[in-house]
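Take a look at the structure below.
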Amino acid sequence: MLSTEPIIQLEGMGKEFQTSNGPIKALDDINLTIYQGEIFGIIGLSGAGKSTLVRCINYLEVPTSGKVLFENKSLAAMSPKEQRKARQSMGMIFQQFNLLSQRNVLQNVCFPLEIAKVPSKEAKKRAMDLLKLVGLEDRAKAYPAQLSGGQKQRVAIARALATNPKVLLCDEATSALDPNTTKSILSLLKDINKNMGVTVVVITHEMAVIEAICDRVAIIDKSHIAEEGKVSDIFSEPKSKIGRQLILGDAAKQAVKFKDSRKIRISFDGRSSSEPVIAGMILASKVLVNIIHAEMKDINGTAMGQMVIQLPQEETEAMRVLNYLKTAKVPCEEVNDYDI
């Protein structure tokens, strides 16, 4: 069960950048609450404002409007010393790892501890413990150039954990990695969240990353939050156009070829993945339907996702399909040219 105690709150937050062509609004009226101990995802297309948002959370970028609260305290109202302390409580990992090439693995992990003026012996012990945690204790003397991408990101995670942060901010942390390495890094983040109680904020453009580890998600589009909620709810029935685009992908756009037919979007939001909903509908209504698009996932034995079907042109047959879905309490809605 997730905590109901907020650790990060964004209230009406906005960010503008001044350019030679005038101000550019990167973020506008962002309102989000992230709770202690959860894995929270922020997803959007390139240029949506994701990276600016995560940099505003830890005040690497200072918002131009609104508030950022960390543990119920406004970062803007803090002294520089208090801000630094708050920032130390928010470790950060990046897409390109950002390791220091002239330092070996152990020295990279020790770096934030040096800045925090932790004694050398204590810092090295802490660093070795963290390298063991991420499975790289045998690579302590290696340099970044000698590591694979996955190993570099594990070092970056160990470094981000060095100051015992309460929050881990992950800005496209798996975008530069292959699928198998991505899976192992996400598993590591999940273990850190579970075993250390660290709140994890994942910034990504990949829905598969959100689905793999996040409890809740916010979708950002054109500097605004388009929708927010539990991953299972958003995945089964996205409310926004950008949500449907991210979840259903480009394949959904093929549905516009069926302009002259009625279409129904069926949402799967908690049924057993072994329940033959479509087969039952066809058998009961004695009507064949055309499946235009389907995006389904089995999440712990539960069917999550959506399916768009083409109804037969004959009205009585179409009604038999709709009546079956209504009787079976299967969530569905008619869509016009599949508005995505």
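The values are calculated or read from the model by the stated rules, or taken from the named source; none is laboratory data. Values in this document were obtained by computation on a predicted structure and should not be read as measured data. Glycine gets a Cβ as well: all are built from the backbone with ideal geometry, and neighbour counts include every protein chain shown. The protein model used for the area step is the full one, side chains on, heavy atoms only, and it has no ligands, DNA or RNA in it. Shrake-Rupley method; radii C 1.70, N 1.55, O 1.52, S 1.80 Å.
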**OP:** List every residue pair whose Cβ atoms lie under 6 Å apart, where the two residues are 6 or more positions apart in sequence or sit on different chains, the first residue falls within segment 184-198 and is under 15 Å from residue 173 (Cα atoms), and the second residue, located anywhere, is in a helix (DSSP H, G or I).
**Re:** 185/153; 186/212; 186/213; 190/213
**OP:** Tell me, please, whether a residue that is under 17 Å from residue 204 (Cβ atoms) and either of a type outside the set (A, V, I, L, M) or out of contact with any helix residue (DSSP H, G or I) (no Cβ under 7 Å at 6 or more places or on another chain) (or both) can be found in segment 10-28.
**Re:** no
Original post:
So residue 96 clears everything in (1) under 24 Å from the mean Cα position of the chain (by Cα); (2) at pLDDT 90 or above; (3) not in a helix (DSSP H, G or I) except one condition, right? Which one?
Top reply: (2)
Subject >> In segment 1-23, the residues that are modelled with pLDDT of 90 or more and among the aliphatic types (A, V, I, L, M) >> reply: 7, 8, 10, 13
Subject >> Candidate set from segment 94-112 (those that are in contact with a Lys or Arg (Cβ under 8 Å, 6 or more places away or on another chain) and of a type outside the set (S, T, N, Q)); member that is farthest from residue 125 (Cα to Cα) >> reply: 97
Subject >> Residue satisfying all of: in segment 262-290; modelled with pLDDT of 80 or more and in a strand (DSSP E or B); most open to solvent (accessible area, probe 1.4 Å) among these >> reply: 290
Original post:
Being part of a helix (DSSP H, G or I) and open to solvent by 10 Å² or more (accessible area, probe 1.4 Å), is that true of even one residue in segment 161-178?
Top reply: no
**OP:** List every residue pair whose Cβ atoms sit under 7 Å apart, with the two residues 6 or more apart in sequence or on different chains, where the first one lies in segment 279-290 and is touching a residue at least 40 places away in the same chain (Cβ under 8 Å) and the second, anywhere, is part of a helix (DSSP H, G or I) and not small (Gly, Ala, Ser).
**Re:** 281/321; 281/324; 281/325; 284/324
**OP:** Residue by residue through segment 1-12, note down the ones that are within 13 Å of residue 70 (Cβ to Cβ) and aliphatic (A, V, I, L, M).
**Re:** 7, 8, 10
Original post:
Looking at segment 70-86, is at least one residue in contact with a helix residue (DSSP H, G or I) (Cβ under 7 Å, 6 or more places away or on another chain), more than 20 Å from residue 221 (Cα to Cα) and assigned to a strand (DSSP E or B)?
Top reply: yes
Original post:
Within segment 39-68, how many residues turn out to be assigned to a helix (DSSP H, G or I) and open to solvent by less than 10 Å² (accessible area, probe 1.4 Å)?
Top reply: 4
Subject >> So residue 35, is it open to solvent by 10 Å² or more (accessible area, probe 1.4 Å), of a type outside the set (A, V, I, L, M, F, W, C) and at pLDDT 95 or above >> reply: yes
Subject >> Top-ranked residue in segment 113-144 [being open to solvent by less than 30 Å² (accessible area, probe 1.4 Å) and not in a loop (DSSP other than H, G, I, E, B); ranked as farthest from residue 175 (Cα to Cα)] >> reply: 123
Original post:
If we keep just the residues of segment 199-212 that are more than 15 Å from residue 167 (Cβ to Cβ) and in contact (Cβ under 8 Å) with a residue 40 or more places away in the chain, which is surrounded by the most Cβ atoms within 10 Å (Cβ to Cβ)?
Top reply: 210
Original post:
Name the residues in segment 111-142 that are modelled with pLDDT under 90 and at negative phi, would you?
Top reply: 115, 116
**OP:** Filter segment 220-231 down to the residues that are open to solvent by less than 20 Å² (accessible area, probe 1.4 Å) and under 21 Å from residue 24 (Cβ atoms), then identify the one that is nearest to the chain's Cα centre (by Cα).
**Re:** 220
**OP:** Look at residue 145 and say whether it is among the hydrophobic types (A, V, I, L, M, F, W, C) and farther than 23 Å from residue 189 by Cβ.
**Re:** yes
